[in-house]
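Reading through the structure tokens given below for one structure.
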There are 4 protein chains.
Amino acid sequence: MSGIRVTVWNEGVHERVDAKVRELYPNGMGAQIAQYLEKQPGIASVRVCELHHDEQGLPEEVLNSTDVMTWWGHKAHKELTEENVERLHKRVLDGMGLIVLHSGHHSKIFKKLMGTSCDLKWREIGERERIWVVDPAHPIADGLPEYFELPHVEMYGEHFDIPQPDRQVFISWFQGGEVFRSGCCWHRGKGKVFYFRPGHETFPIYYDENVLRVIYNAVKWAAPTGVKEITRKNVKPIENVFIDP
Amino acid sequence: MSGIRVTVWNEGVHERVDAKVRELYPNGMGAQIAQYLEKQPGIASVRVCELHHDEQGLPEEVLNSTDVMTWWGHKAHKELTEENVERLHKRVLDGMGLIVLHSGHHSKIFKKLMGTSCDLKWREIGERERIWVVDPAHPIADGLPEYFELPHVEMYGEHFDIPQPDRQVFISWFQGGEVFRSGCCWHRGKGKVFYFRPGHETFPIYYDENVLRVIYNAVKWAAPTGVKEITRKNVKPIENVFIDP
Amino acid sequence: MSGIRVTVWNEGVHERVDAKVRELYPNGMGAQIAQYLEKQPGIASVRVCELHHDEQGLPEEVLNSTDVMTWWGHKAHKELTEENVERLHKRVLDGMGLIVLHSGHHSKIFKKLMGTSCDLKWREIGERERIWVVDPAHPIADGLPEYFELPHVEMYGEHFDIPQPDRQVFISWFQGGEVFRSGCCWHRGKGKVFYFRPGHETFPIYYDENVLRVIYNAVKWAAPTGVKEITRKNVKPIENVFIDP
Amino acid sequence: MSGIRVTVWNEGVHERVDAKVRELYPNGMGAQIAQYLEKQPGIASVRVCELHHDEQGLPEEVLNSTDVMTWWGHKAHKELTEENVERLHKRVLDGMGLIVLHSGHHSKIFKKLMGTSCDLKWREIGERERIWVVDPAHPIADGLPEYFELPHVEMYGEHFDIPQPDRQVFISWFQGGEVFRSGCCWHRGKGKVFYFRPGHETFPIYYDENVLRVIYNAVKWAAPTGVKEITRKNVKPIENVFIDP
């Protein structure tokens, strides 16, 4: 591959209606993530798509020219059309990587890929989070310390209603008494899915170097690889088969 | 638990329209499975529900009094209403075990729980199948030989588009050159899901002692256990938390 | 099975050399666990074996009449003979369940079954632990609340150098900032292995109702099931195979 | 990383004592694998080490300058010294990738990393093998067709006594009636382990383009990534912890 083509999908609603969010992310959360990714090696291109764009930022041409998509949504999950969710779902099964961030746990596409409610506990008192690496061999942990801290976050707590991850990379500790499986990998069809917990509209999470590094590592991990052509149909047997009468 | 309450859900369409199927299963495939299960230890009750019953055999009272449901469907997957799929899905996440049989791989409920297409290859020349146990410690393999054979079957082949199973219990070999992950376990929420490949409307698969034993083992494995009450909401922190300014 | 035959293997060294431990567990930690288990339904027998017994408490007759063994050791891991470790290992692969408790993470048998160092972080300031259920459908979580607390414990922290668990049942939160995968399941051959973190010689952990309940649930989960006879040798092909020239 | 440093460890005994093997692999199986790998992009260097070399081909300098090692052994597994196995094991846990080929399933290092017997069934009648991809998203399947064939092989059959793979990439079909989990991934500590079944001293398996491609893909997958520094010791709590009295 000559480089990964990334689409940062950002809901873009909080930034428009909330001055505090706009102050933190003047060009939107998507732009902040995109400007980091586009400077990294191996990234061919990065574009930001938002809900208010044509076809909710998910036209066929965008999907077909995207290797990995990152997803941030919160307030407007319900506005995504079923048609767009269907199209996204097909693209993931066909090989597009998907990195779901923070409140994206309740997005239609993540719930459809998981097959569960994706419900969780939460609390917003600005407590401290420690993100521990529990799979130090994993490429998504590349270059990280054994744990890193975020000083003020919204808490997400277990039970997080997801399928058991194929690989568990991170587990979070919260000051107020909870744990959370905050970095989880799954394969779905020819595509890869990574859920990463950190991120919030009013804490400056996407300015944190470790958080950005994880997103970049995840983009590289989720880039399409593997088998291209799969047939699922009525097939012929191998030659010289003797069928018992 | 004083005994497992089983509901055998059977589409019941082939049996009505095809004389050959009726000859093989005069009372329907569901009845054949049910009459085996109801004689086994630890089973409190078994009832058969079919698509043409009230509310497609899935009224709230049935779901709420079912510990484990087995599912066989083929021709009429599309007829199941979205409302019933939704209700079934909630019941599984809330703890009801689900055993999906053979062509049930394309049922709406299985695809919703898996989050993938559940597509596969197939062929119908009556070839031989060998079902190998690859997890000999698993309760679903209890009392089985290390492999067993079915002399004439419809073939299902890889790639089977499912999430990686939490536990892979069986892998099938087919005379014509294919392999298939034919016994797969997943947890979804508080519920357990088992997919088991064997079963067909015109081969006498549900008369095979090993096949029936697997279904019984799976019913016991899938019976509700675990945590009853889970809260997913805004929660308070542990006492004595010092929040950094 | 007419009931599970349990052997509680207890190192039994701390109890002899340390008055504080003896006060807490006058008959040893093993006896405390055993007296709980023997009252539970489905348990046929419970015996306690200790390092200072004949053949280190692990004679062939004991292993061959044990369905599930629980293991607590700490000070004297090195004293176990290689011959006894070898014999234990074979018994687990042949179907005996093994429940490894707390400091047993560094026992020879656990390290041999895992294939890793099983190293971890630790701290002993009597801090609080919250044990969260992350797999609410699992039989080892049966009857538990969604989390439970131990007021004063020794901390164990990540990275815990184990193979990714086949199923992750519990994750611990510690007051001092760490998380730990504290309830982990693996299959090894025909046997099942469960590691459970809680337990310490000077905190009264094995008087806690939830801890005891987990050990009992784990004993039931780890009891032998599955395939009895497996051949691993040079085998004949299926009849009627045409080998290409 | 500026390129992966590969060591192809080859037992090198068959090639010396068996004219048929020498004819097939005049410079040894190791050289055949090495000459393929060294032409591939991203590979910095490839060297071949054999059992009869100094320190059995495993001196500290070799291990410390190897990113990924491939391993073929058969006749002489027992000759490897415990000291060398211990050193290899430490290097894998510390991050060196290990690709175990064919009869290497019974090598001391593989058995130590797995914690099981690694036993299996076998047969040598030169039957046909079909290797099916069951995880089409996996980087080790990159660029492969959905299955490929080897016309004449030694058969390996289930039950293969290994821990459940973290990811199952390939499953083999054999003409004579068996299946086999022939491509399996595990993480162990900071290292990655891949077992790949194909390969034999008297069939020209390591001339097959698909087999070589898998080995190359596996080398890239197993190259060290992740967290560099992990402390496992007595640690201090986070500041401002209130310990309950």
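The values are calculated or read from the model by the stated rules, or taken from the named source; none is laboratory data. Keep in mind it's a predicted model, so treat the numbers as computed, not measured. Note that we place each Cβ from the backbone using ideal geometry, even for glycine, and neighbour counts take in every protein chain shown.
For segment D:78-103, a tally of residues being in contact (Cβ under 8 Å) with a residue 60 or more places away in the chain and at negative phi returns 11.
Within segment D:106-131, the set of residues being buried (at least 24 other Cβ atoms within 10 Å of the Cβ), free of Cβ contacts under 8 Å to residues at least 60 places away in the same chain and farther than 17 Å from C:G191 by Cα comprises D:S107, D:I109. Flag not set for D:K90, criterion: basic (K, R) and under 23 Å from D:G199 (Cβ atoms). Taking segment D:1-40 as the range and being farther than 19 Å from D:A76 by Cα, of a type in the set (A, V, I, L, M, F, W, C) and surrounded by 17 or more Cβ atoms within 10 Å (Cβ to Cβ) as the test, the residues that pass are D:I4, D:V6, D:L24, D:I33, D:A34, D:L37.
Scanning segment A:13-63 for residues being in contact (Cβ under 8 Å) with a residue 40 or more places away in the chain, at positive phi and touching a helix residue (DSSP H, G or I) at 6+ places or on another chain (Cβ under 7 Å) gives a total of 1. Here B:D161 meets each of (1) in contact (Cβ under 8 Å) with a residue 24 or more places away in the chain; (2) crowded, with 23+ Cβ neighbours inside 10 Å; (3) over 22 Å from C:V169 (Cα atoms); (4) at the interface with another protein chain (Cβ under 7 Å from one of its Cβ atoms) with one exception, condition (2). If A:S182 passes every condition in (1) buried (at least 22 other Cβ atoms within 10 Å of the Cβ); (2) assigned to a strand (DSSP E or B); (3) free of Cβ contacts under 8 Å to residues at least 40 places away in the same chain; (4) out of contact with any Gly (no Cβ under 6 Å at 6 or more places or on another chain) but one, which one does it miss? It fails just one condition, (3).
Could you look through segment D:140-158, keep only residues that are within 12 Å of chain A (Cβ to nearest Cβ), buried (at least 21 other Cβ atoms within 10 Å of the Cβ) and not in a loop (DSSP other than H, G, I, E, B), and pick out the one that is nearest to the chain's Cα centre (by Cα)?
Quick first cut of segment D:140-158, residues within 12 Å of chain A (Cβ to nearest Cβ) only: D:140-149, D:151.
Narrowing the set further to residues that are buried (at least 21 other Cβ atoms within 10 Å of the Cβ) leaves D:140-141, D:144, D:147.
Cutting the leftovers down to not in a loop (DSSP other than H, G, I, E, B) gives us D:140-141, D:147.
Numbers: D:I140: 12, D:A141: 15, D:Y147: 20 Å.
Applying the filter and picking the extreme gives D:I140.
Pick out the one residue from B:V193, B:V169 that is in a strand (DSSP E or B), at the interface with another protein chain (Cβ under 10 Å from one of its Cβ atoms), touching a Leu at 6+ places or on another chain (Cβ under 6 Å) and of a type in the set (V, I, T). B:V193 is the lone residue from the list that is in a strand (DSSP E or B), at the interface with another protein chain (Cβ under 10 Å from one of its Cβ atoms), touching a Leu at 6+ places or on another chain (Cβ under 6 Å) and of a type in the set (V, I, T).
Given the criterion more than 14 Å from chain D (Cβ to nearest Cβ), over 30 Å from A:Q56 (Cα atoms) and either assigned to a loop (DSSP other than H, G, I, E, B) or of a type outside the set (K, R) (or both), identify the matching residue among A:I131, A:I125. Steps first, answer last, please.
Details: A:I131 fails: more than 14 Å from chain D (Cβ to nearest Cβ).
The match here is A:I125.
Tell me, yes or no, whether segment D:65-74 has at least one residue that is modelled with pLDDT of 95 or more, assigned to a loop (DSSP other than H, G, I, E, B) and within 24 Å of D:T202 (Cβ to Cβ).
Kept after step one, since they are modelled with pLDDT of 95 or more, are these residues of segment D:65-74: D:65-74.
Checking the rest, the ones that are also assigned to a loop (DSSP other than H, G, I, E, B) come to D:65-67, D:73-74.
In the following step, the residues that additionally are within 24 Å of D:T202 (Cβ to Cβ) were identified as D:73-74.
Yes, because at least one residue in segment D:65-74 is modelled with pLDDT of 95 or more, assigned to a loop (DSSP other than H, G, I, E, B) and within 24 Å of D:T202 (Cβ to Cβ).
Restricting segment D:104-122 to residues that are out of contact with any Gly (no Cβ under 8 Å at 6 or more places or on another chain) and either outside any helix (DSSP H, G or I) or among the small types (G, A, S) (or both), the residue that is nearest to the other protein chains (Cβ to nearest Cβ) is D:D119. B:Y207 falls short on exactly one of the conditions (1) within 14 Å of chain A (Cβ to nearest Cβ); (2) out of contact with any strand residue (DSSP E or B) (no Cβ under 8 Å at 6 or more places or on another chain), and that condition is (1). Selection within segment B:81-103: residues that are in contact with a Gly (Cβ under 8 Å, 6 or more places away or on another chain) and more than 25 Å from C:P136 (Cβ to Cβ). The member of this set that is farthest from the other protein chains (Cβ to nearest Cβ) is B:L101.
For C:R213, the criteria (1) crowded, with 19+ Cβ neighbours inside 10 Å; (2) more than 10 Å from every other protein chain (Cβ to nearest Cβ); (3) not aromatic (F, W, Y); (4) not in a strand (DSSP E or B) hold in every case but one, which is (1).
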